[in-house]
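K.L.:
Mind looking over this structure? Questions follow.
The values are calculated or read from the model by the stated rules, or taken from the named source; none is laboratory data. Bear in mind the structure is a predicted one, so any value in this text is a computation, not a measurement. Reconstructed Cβ throughout: ideal geometry from the backbone, glycine too, with neighbour counts over all protein chains shown.
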Amino acid sequence: MQAKKRYLISLLTGAFLVLLFYFGGGVPGPAATGSRSRHGYNRPEQPWPHFSDPLQHLSPWDHSDTEEYNVHISPRQKRDVNSSVYKGKRCRMQSCFDFSLCQRNGFKVYVYPQQKGEKISESYQNILSTIEGSRFYTSDPGQACLFVLSLDTLDRDQLSPQYVHNLKTKVQSLPLWNNGRNHLIFNLYSGTWPDYTEDLGFDIGQAMLAKASISTENFRPNFDVSIPLFSKEHPRTGGDRGYLKYNTIPPFRKYMLVFKGKRYLTGIGSDTRNALYHVHNAEDVVLLTTCKHGKDWQKHKDARCDKDNAEYDK
């Protein structure tokens, strides 16, 4: 009987503490919002006029300790990721973006000058050239609302020939970096197979991230931008003159869905890509995959690999 009483008292005490936290000031409500954020940055007195509604404050997610996160990552990788990707995960437009730069000069984008000796991939050069050719570009950083690095951040796989070394030091030495405030970072690939951790190799600080394959745990709503993967052959513009033969909506197309890529036999993404053959019909849905990925792919080879490889190589 005494044990039941102790258990009941403990349960009631825990419930009381939870209610006290939520209704007694643990979570700030709208009335508690001041002119400064909880990180100490000044918020604009009024929302940027280009937005139709004020941006709502969203509580940050923290899933770094969940079982799913810990399956494919070593303790050292976890520490490295926590020191870079997760440091600015609380960022939102209200706390990590200086609206005054845009209100003063309008929406202008500054691209850093390319540094001598730095190699830039064709894909990243296309992004920079597109920005520089737009009406939003400015060569004057004093007029800029948004800043884009000339350092190639698209491929952060350490095994890739496009990987830029010592990026942490190079970024932090930029005089306009300002801990990434009002900066936009582009990234398509991060980490290495089979885990593909989202560590970019440097602290993005308060910069916004335009990234492909970004996890829901790391995506910061109303701040980051989710972009699709695109191939190196993807045209920068709509194509050469004379190639547009039809201008119908919806367009007349033979194929509804086409994909050609590597089929991960293990690791992150393997479940999805290993199931693509279910919707492949070789007519209007063509999904071609190869098992030849990684150095030890033959150890994980399944019954469909030979057929898939042959179809892929045609």
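K.L.:
From the list Glu198, Glu233, pick out the single residue that is assigned to a loop (DSSP other than H, G, I, E, B) and either in contact with a Ser or Thr (Cβ under 9 Å, 6 or more places away or on another chain) or not charged (D, E, K, R) (or both).
P.N.:
Testing whether each residue is assigned to a loop (DSSP other than H, G, I, E, B) and either in contact with a Ser or Thr (Cβ under 9 Å, 6 or more places away or on another chain) or not charged (D, E, K, R) (or both) leaves just Glu198.
K.L.:
Which members of region 260-280 meet the condition of being part of a loop (DSSP other than H, G, I, E, B), exposed (fewer than 15 other Cβ atoms within 10 Å of the Cβ) and touching a residue at least 12 places away in the same chain (Cβ under 8 Å)?
P.N.:
Within region 260-280, Val279 is the sole residue that qualifies.
K.L.:
Does region 78-118 hold any residues that are modelled with pLDDT under 80 and of a type in the set (Val, Ile, Thr), and which are they?
P.N.:
Val81, Val85
K.L.:
In the set Glu132, Glu122, which member is modelled with pLDDT under 95, within 22 Å of Arg236 (Cα to Cα) and surrounded by fewer than 17 Cβ atoms within 10 Å (Cβ to Cβ)?
P.N.:
Glu122
K.L.:
Any residue in region 211-223 that is among the polar types (S, T, N, Q), within 17 Å of Ser121 (Cβ to Cβ) and without any contact (Cβ under 8 Å) to a residue 40 or more places away in the chain?
P.N.:
Among the residues of region 211-223, not one is among the polar types (S, T, N, Q), within 17 Å of Ser121 (Cβ to Cβ) and without any contact (Cβ under 8 Å) to a residue 40 or more places away in the chain, which makes the answer no.
K.L.:
Do you know which of the residues in region 266-280 that are more than 20 Å from the chain's Cα centre (by Cα) and farther than 15 Å from Lys292 by Cβ is modelled with the lowest pLDDT?
P.N.:
Across region 266-280, the extreme among qualifying residues is Asp271.
K.L.:
Okay, moving on. Can you find a residue that is hydroxyl-bearing (Ser, Thr, Tyr) and either in contact with a Leu (Cβ under 9 Å, 6 or more places away or on another chain) or not in a strand (DSSP E or B) (or both) anywhere in region 217-229?
P.N.:
Taking every residue of region 217-229 in turn, none turns out to be hydroxyl-bearing (Ser, Thr, Tyr) and either in contact with a Leu (Cβ under 9 Å, 6 or more places away or on another chain) or not in a strand (DSSP E or B) (or both).
K.L.:
Output the number of the condition that Asn187 fails; it satisfies all remaining conditions of (1) among the polar types (S, T, N, Q); (2) loosely packed, with under 14 Cβ neighbours inside 10 Å; (3) under 22 Å from Gln115 (Cβ atoms).
P.N.:
Result: Asn187 fails condition (2) only.
K.L.:
Going by the structure shown, is Val171 part of a helix (DSSP H, G or I), within 27 Å of Cys96 (Cα to Cα) and assigned by TED's automatic domain parsing to the domain that holds Gln114?
P.N.:
The answer is yes for Val171.
K.L.:
Still on this model: Just to verify a result, which residue in region 293-314, among those that are without any contact (Cβ under 8 Å) to a residue 40 or more places away in the chain and in contact with a strand residue (DSSP E or B) (Cβ under 7 Å, 6 or more places away or on another chain), is farthest from Ser213 (Cα to Cα)?
P.N.:
Here the residue is Glu311.
K.L.:
Based on this model, can you work out whether Ser95 counts as on the phi < 0 side of the Ramachandran plot, touching an Asp or Glu at 6+ places or on another chain (Cβ under 9 Å), polar (S, T, N, Q) and buried (at least 16 other Cβ atoms within 10 Å of the Cβ)? Steps first, please.
P.N.:
Values: on the phi < 0 side of the Ramachandran plot: yes; touching an Asp or Glu at 6+ places or on another chain (Cβ under 9 Å): no; polar (S, T, N, Q): yes; buried (at least 16 other Cβ atoms within 10 Å of the Cβ): yes.
When the stated conditions are applied, Ser95 does not pass them.
K.L.:
Would you point out the residue of region 281-305, among those that are surrounded by 11 or more Cβ atoms within 10 Å (Cβ to Cβ) and among the charged types (D, E, K, R), that is nearest to the chain's Cα centre (by Cα)?
P.N.:
This residue is Lys292.
For every residue, the table says whether it meets (1) among the basic types (Lys, Arg); (2) more than 20 Å from Asn187 (Cβ to Cβ); (3) assigned to a loop (DSSP other than H, G, I, E, B).
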site	(1), (2), (3)
Arg90	yes, no, yes
Gln114	no, no, yes
Ser123	no, no, no
Leu128	no, no, no
